[in-house]
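K.L.:
One structure is given below, represented as structure tokens, and several questions about it will come after.
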Amino acid sequence: MFQIIKSYLNFLWSSKNEHGVHSPFVFNLVTKCFYDTTKYYEYSILKEYRNSLLANKNTIEVSDFGAGSRVFKSNIRAVSQIAKTAGISSKRAKLLFRIVNYFQPKNLLEIGTSLGLATSALSLGTKKGKIITLEGCPNTLNECQLQLQKFNFNNVIAINTEFSSYLKNYQLSIVNDHLIYFDGNHSQKATLEYFELLLPTITNDSVWIFDDIHWNEAMEDAWEIIKKHPKVTVTIDTFQWGIIFFRREQKKEHFVIRT
């Protein structure tokens, strides 16, 4: 807890709004997307999706996985409780929707589905894009799939898999993921492994979003390593998320933005 408070105070000290941004690309992103105050119709669907899960009192066995897909912990939890504690917040879901709506990526990958609160934002943001979402717990994914079907999110392919195994067998040479949302394993080792495995998929327009970059010192170290990678040009720290771009025409620059 102390680490997060310390990191947040440092974030507040160094963060800026649009007035401190001199890059046209980032300035447009901040003003036209991050700070977009439009009351999108899709926000009401995001709210309905969330409320439907919060009203779901069914219980499921939730499994957490270690290396090699081995279950190291499982417990019985209500779907409503999972939605309260394990999903993206309402504010962040709206921002994720706006980011997808702004860039209109054709191929999206989500690592860590849970009950699909972020997945719904990805789906609503791009009507023509295809989303692949990965989840390790089969019971959680089953509930998510029922929910996605209920709301007719038909551009989502949900896969039950151990993340590293899936990514190692990914057809990296022929797939270009225009947007990747990393929310599956908040550890330094896993984050950097997924980052390296997916680098062959990047294009000049790729957008990668890492969740919980200030979760602990190890995740902050992972974020620093990612920022310094030679293929990464623009990075944005919103405290909750680290967003990276691979735009070759941009000079390497790091931004800390309040959202």
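K.L.:
Just wondering, is there one or more residues in segment 220-230 that are at pLDDT 95 or above, open to solvent by 60 Å² or more (accessible area, probe 1.4 Å), assigned to a loop (DSSP other than H, G, I, E, B) and farther than 27 Å from Ser123 by Cα?
P.N.:
Scanning segment 220-230 turns up at least one residue that is at pLDDT 95 or above, open to solvent by 60 Å² or more (accessible area, probe 1.4 Å), assigned to a loop (DSSP other than H, G, I, E, B) and farther than 27 Å from Ser123 by Cα.
K.L.:
Would you be able to say whether some residue in segment 113-122 is surrounded by 18 or more Cβ atoms within 10 Å (Cβ to Cβ), more than 27 Å from Phe25 (Cα to Cα) and among the aliphatic types (A, V, I, L, M)?
P.N.:
Yes, there is a match, as at least one residue in segment 113-122 is surrounded by 18 or more Cβ atoms within 10 Å (Cβ to Cβ), more than 27 Å from Phe25 (Cα to Cα) and among the aliphatic types (A, V, I, L, M).
K.L.:
Can you tell me which residue among Ser89, Ser165 is open to solvent by 30 Å² or more (accessible area, probe 1.4 Å) and within 23 Å of Gly242 (Cβ to Cβ)?
P.N.:
Ser89
K.L.:
While we're on this one: Among the residues of segment 231-259, how many are assigned to a loop (DSSP other than H, G, I, E, B) and not aliphatic (A, V, I, L, M)?
P.N.:
The number of residues fulfilling the criteria is 14.
K.L.:
Restricting to segment 133-158, count the residues that are touching a helix residue (DSSP H, G or I) at 6+ places or on another chain (Cβ under 9 Å) and farther than 16 Å from Arg50 by Cα.
P.N.:
8
K.L.:
Moving on. So is Thr191 in contact with a helix residue (DSSP H, G or I) (Cβ under 6 Å, 6 or more places away or on another chain), part of a strand (DSSP E or B), open to solvent by less than 50 Å² (accessible area, probe 1.4 Å) and not acidic (Asp, Glu) or not?
P.N.:
So Thr191 does not fit the description; no.
K.L.:
Run Ile213 past the list (1) open to solvent by less than 40 Å² (accessible area, probe 1.4 Å); (2) in a loop (DSSP other than H, G, I, E, B); (3) in contact (Cβ under 8 Å) with a residue 60 or more places away in the chain and report the number of the one that doesn't hold.
P.N.:
Failed condition: (3).
K.L.:
Take Gln104 and decide whether it is surrounded by fewer than 16 Cβ atoms within 10 Å (Cβ to Cβ) and at positive phi.
P.N.:
yes
K.L.:
May I ask you to verify whether Lys150 is modelled with pLDDT under 95 and open to solvent by 60 Å² or more (accessible area, probe 1.4 Å)?
P.N.:
No, not satisfied.
K.L.:
Among the residues of segment 34-56, is there at least one that is among the hydrophobic types (A, V, I, L, M, F, W, C), more than 20 Å from Ile157 (Cα to Cα) and over 19 Å from the mean Cα position of the chain (by Cα)?
P.N.:
yes
K.L.:
Further question on the same structure: Looking only at segment 36-58, count every residue that is at pLDDT 95 or above and open to solvent by 40 Å² or more (accessible area, probe 1.4 Å) and tell me the total.
P.N.:
Residues in segment 36-58 being at pLDDT 95 or above and open to solvent by 40 Å² or more (accessible area, probe 1.4 Å): 12 in total.
K.L.:
Hey, another quick one. When Phe245 is evaluated against the numbered criteria (1) surrounded by fewer than 19 Cβ atoms within 10 Å (Cβ to Cβ); (2) at pLDDT 95 or above; (3) closer than 25 Å to Ile131 by Cβ, which criterion, by number, is the only one it fails?
P.N.:
(1)
K.L.:
To continue, here is another question. Conditions first: (1) surrounded by fewer than 17 Cβ atoms within 10 Å (Cβ to Cβ); (2) of a type in the set (D, E, K, R); (3) at pLDDT 95 or above. Glu61 passes all but one, so which condition is the exception?
P.N.:
In the conditions (1) surrounded by fewer than 17 Cβ atoms within 10 Å (Cβ to Cβ); (2) of a type in the set (D, E, K, R); (3) at pLDDT 95 or above, Glu61 misses (3) alone.
The values are calculated or read from the model by the stated rules, or taken from the named source; none is laboratory data. Predicted model, so just to flag it, every value in this text is computed and none were measured. Neighbour counts are summed over all protein chains in view; Cβ atoms, including those assigned to glycine, are modelled from backbone coordinates with ideal geometry. Just so you know, the surface numbers come from the protein's heavy atoms only, side chains and all, with ligands and any DNA or RNA stripped out. Shrake-Rupley method; radii C 1.70, N 1.55, O 1.52, S 1.80 Å.
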